[in-house]
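Student: What follows is a structure written as C-alpha cells; I'll ask about it next.
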Protein chains: 2
Amino acid sequence: MMNPLIRKLERFTRLSDADKRLLQQAATARIVNYDTHQDIIAEGEEPTDVNLILGGWVCRYKQLADGSRQIMSFLLPGDLCDLNIFLLRRMDHALATLTPVTVAKISRDLLQQMLNADPRLTRALWWEVLVTAAIHREWLVNIGRRTARERVAHLLCEIYFRQEAVGRVRDARCELPITQVELADALGLSAVHVNRTLRELRVAGLIDWRDKTLAIPDPAALAAVARFDPDYLHLDFEGERFDAEC
Amino acid sequence: MMNPLIRKLERFTRLSDADKRLLQQAATARIVNYDTHQDIIAEGEEPTDVNLILGGWVCRYKQLADGSRQIMSFLLPGDLCDLNIFLLRRMDHALATLTPVTVAKISRDLLQQMLNADPRLTRALWWEVLVTAAIHREWLVNIGRRTARERVAHLLCEIYFRQEAVGRVRDARCELPITQVELADALGLSAVHVNRTLRELRVAGLIDWRDKTLAIPDPAALAAVARFDPDYLHLDFEGERFDAEC
DNA sequence: CGAAAACTTGAATCAATTCAAGAGGCGTGG
DNA sequence: CCACGCCTCTTGAATTGATTCAAGTTTTCG
C-alpha cells in the first residue's frame, strides 16, 4: 500500500529514500481501526500520538453546551491530525470519524526523532500545517460572509478540488461519504436549510449527490456560483521553488 | 525598548541570551511605520519579509467581490505576521493596519538563519503558529454557531484576555482602538446589528467601550454571556513542560 | 423485515440585514 | 477660526434569509 502521506508530501518537496522508509515505517507500526461516528480523540484529552489517516474521512469539531456543534475541518486519507500535540497540552477540540477509518498512530517521540533527523521533513510537515491554516481562513470567510447557496457550493467545490489534486476524481465524480447534518455542522447552517439549498443546486443541474458520491458536471459553473477561487488550497507545486533553495 | 516578541516567546520557552540578542537585532534592523487603514501586504503579493508588530493593531482580512470583507485575526504588538511566507508563495489574504503601526521587517533569509541556528526558537515560533490556528478554530465556532449577542461578547472577551495575558489590562480596562465596522467585519455581522448588540451589553452593565478603551467591570459575567472558555488561547505556560524535555 | 437514521417539504417564526435618516466628532482647508 | 465634508455611531421601520417545528418519505442496516 502506497502511503498517502508520502504521496502528499512529495507534492511539496522531494523526499529521500531514507525519509520515505522512515515515514513508511512510522505509518505501519501501530494501525487502529474505528467505526463510523466514533471519537478518535475527545476535547480535553492529552494526546500522546499523532494520527495519520490511512483510509476514511475524519472531522475536527467542537461541541457547544447547547448541543450544537461546529465542524472545523474535514480530514482525508494522507492527512495528519494534531501536529499540535507537541506544543499544546490538551486538545481544545475533538476528532471524530465520519466513515469507518484506519489510522496509523505515530508516537510523539518517534515523530520527534524524525523531525530532528531531517529538516526537510520538518518543513514538509510545516507546510501541511500552514495549508490547513489557509483552509481555516477560507472557511471563516465562507461562514462569515457568504449566503447559504454560495456557502454550500463553496464547500462542495473545496471537497471536489482537494480530492482532484490527489487523484480521487474520475468522470467529474468524487467521494462525499457524509450526511447533510454533517455538512450543515460544517457550514454553520441548519440541516433543513442545507437540504433546501442542495435541492436548488440540484435542480439547477450544478450537482448530483447520491450514494455517497458527488458529481459536479460543470465544476467551473459551480465555482462561479460559489465564487470559489482554489488559490487558498495552495495546490500548485510550490515545493519546486523551496527545494531549489535548500 | 523591550521587544514584545521576546516577551511573548519567553512565556513559552526559555531563550538563551544569544537567542535574545539575535531576536533583538532582527527586530531593530528595518523599522517601518504605517498610518491607520493602510495595507501592509495586499492579497496576491509575494512577500519577502516577515512583519513583526512592535506597536499598534493590525488585522488579517479577505475582501470579497461584492465589497464585503471578513477580518480573520487581530494582531497585536509582539505578533508575527506571515510566518507562512517560507512556504506559500503568494498571500491568500491581506494585512492592514487598524491604527498607526510600527513594524520590524525581518527578511526571509535572516529568519531562516535564525531557525537553522536554534531549534528552540523554531519551536517557539511553531507554537505561535499553532496558537494562531487554535484562535482561528474558535472564531469558526463563534461565527458559525453563536448568536450575535454571544458572538460580540465572545470576541470582546478574547481581546480582553489576550491583552491581560501580556500585562495590558489595568483597572479592568484594555485598549480597543477599532471601529464598530471593523468589529462587524470580524464577526460576520452587519455594523448596524453590532451597534445594537453593543448597546444591549452596555445597558446590561457588561461593557463600557469608549475613547478606544474597553472596560469590562465583571469579566466573569461577560464570559458567562459569551460562553467564553479561555482554554483555546493556550495562555497557560505550557513551555515549562516543553523546556524540560529538550 | 422492522427500526433507526437520513432525507424532504410546508408553514410559522425569528434573528439579522437593509434602507434610511440624523447626531456627533474630527481634521482640513479656505 | 469657522465651515465643510467625512467618518463613526445611533436608532427606527421594513424586509429577508435562515431557523424551528412538524410531519411524511426514503434509505440503510442489523
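Student: So in segment A:118-141, with the set limited to residues that are open to solvent by 10 Å² or more (accessible area, probe 1.4 Å) and more than 9 Å from every other protein chain (Cβ to nearest Cβ), which one is farthest from A:Arg21 (Cα to Cα)?
Tutor: Taking the candidates together, the pick is A:Ile135.
Student: If A:Gly67 satisfies every condition in (1) within 9 Å of chain B (Cβ to nearest Cβ); (2) on the phi > 0 side of the Ramachandran plot but one, which is the exception?
Tutor: With respect to (1) within 9 Å of chain B (Cβ to nearest Cβ); (2) on the phi > 0 side of the Ramachandran plot, A:Gly67 is out only on (1).
Student: Any idea which of A:Leu95, A:Leu64 is open to solvent by 10 Å² or more (accessible area, probe 1.4 Å), without any contact (Cβ under 8 Å) to a residue 60 or more places away in the chain, among the hydrophobic types (A, V, I, L, M, F, W, C) and more than 17 Å from A:Arg123 (Cα to Cα)?
Tutor: The unique qualifying residue is A:Leu64.
Student: Can I ask one more? Looking only at segment A:186-216, count every residue that is of a type in the set (A, V, I, L, M), within 10 Å of DNA strand D (Cβ to nearest atom) and more than 14 Å from A:Ile71 (Cβ to Cβ) and tell me the total.
Tutor: Summing the residues that are of a type in the set (A, V, I, L, M), within 10 Å of DNA strand D (Cβ to nearest atom) and more than 14 Å from A:Ile71 (Cβ to Cβ) in segment A:186-216 gives 1.
Student: Something else about it: With the requirement that a residue be without any contact (Cβ under 8 Å) to a residue 60 or more places away in the chain and closer than 22 Å to B:Ala204 by Cα, what does segment B:123-150 give you?
Tutor: Within segment B:123-150, B:Asn142, B:Thr147, B:Ala148 meet the criteria.
Student: Let me ask another. Give all pairs with beta carbons closer than 8 Å in which a residue from segment B:168-185 that is in contact (Cβ under 8 Å) with a residue 40 or more places away in the chain and near DNA strand D (Cβ under 8 Å from one of its atoms) meets a residue that is in a loop (DSSP other than H, G, I, E, B) and among the aliphatic types (A, V, I, L, M); count only pairs at least 6 apart in sequence or on separate chains.
Tutor: Cβ pairs passing all conditions: B:Ile178/B:Leu98; B:Glu182/B:Leu98.
Student: Free of Cβ contacts under 8 Å to residues at least 60 places away in the same chain, farther than 20 Å from B:Leu88 by Cβ and within 16 Å of DNA strand C (Cβ to nearest atom): is that true of A:Arg202 in this structure?
Tutor: yes
Student: While we're here: Scan segment A:177-221 residue by residue and report those that are closer than 24 Å to A:Val101 by Cβ and in a helix (DSSP H, G or I).
Tutor: If the condition is that a residue be closer than 24 Å to A:Val101 by Cβ and in a helix (DSSP H, G or I), then A:Gln180, A:Val181, A:Glu182, A:Leu183, A:Ala184, A:Asp185, A:Ala186, A:Leu187, A:Ala191, A:Val194 are the ones that fit.
Student: Checking B:Cys174 against (1) open to solvent by 60 Å² or more (accessible area, probe 1.4 Å); (2) assigned to a strand (DSSP E or B), which test does it fail?
Tutor: Tallying (1) open to solvent by 60 Å² or more (accessible area, probe 1.4 Å); (2) assigned to a strand (DSSP E or B), B:Cys174 fails exactly one: (1).
Student: Can you tell me which residue within segment A:205-227, out of those that are small (Gly, Ala, Ser) and in contact (Cβ under 8 Å) with a residue 12 or more places away in the chain, is farthest from A:Pro177 (Cα to Cα)?
Tutor: In this case the residue turns out to be A:Ala221.
The values are calculated or read from the model by the stated rules, or taken from the named source; none is laboratory data. For clarity, every value in this text was computed on a predicted model and none was experimentally measured. A quick note on method: Cβ atoms are made from the backbone with ideal geometry, for glycine too, and the neighbour counts reach across all protein chains shown. What goes into the accessible areas is simple: the full protein's heavy atoms, side chains included, and nothing from ligands, DNA or RNA. Shrake-Rupley method; radii C 1.70, N 1.55, O 1.52, S 1.80 Å.
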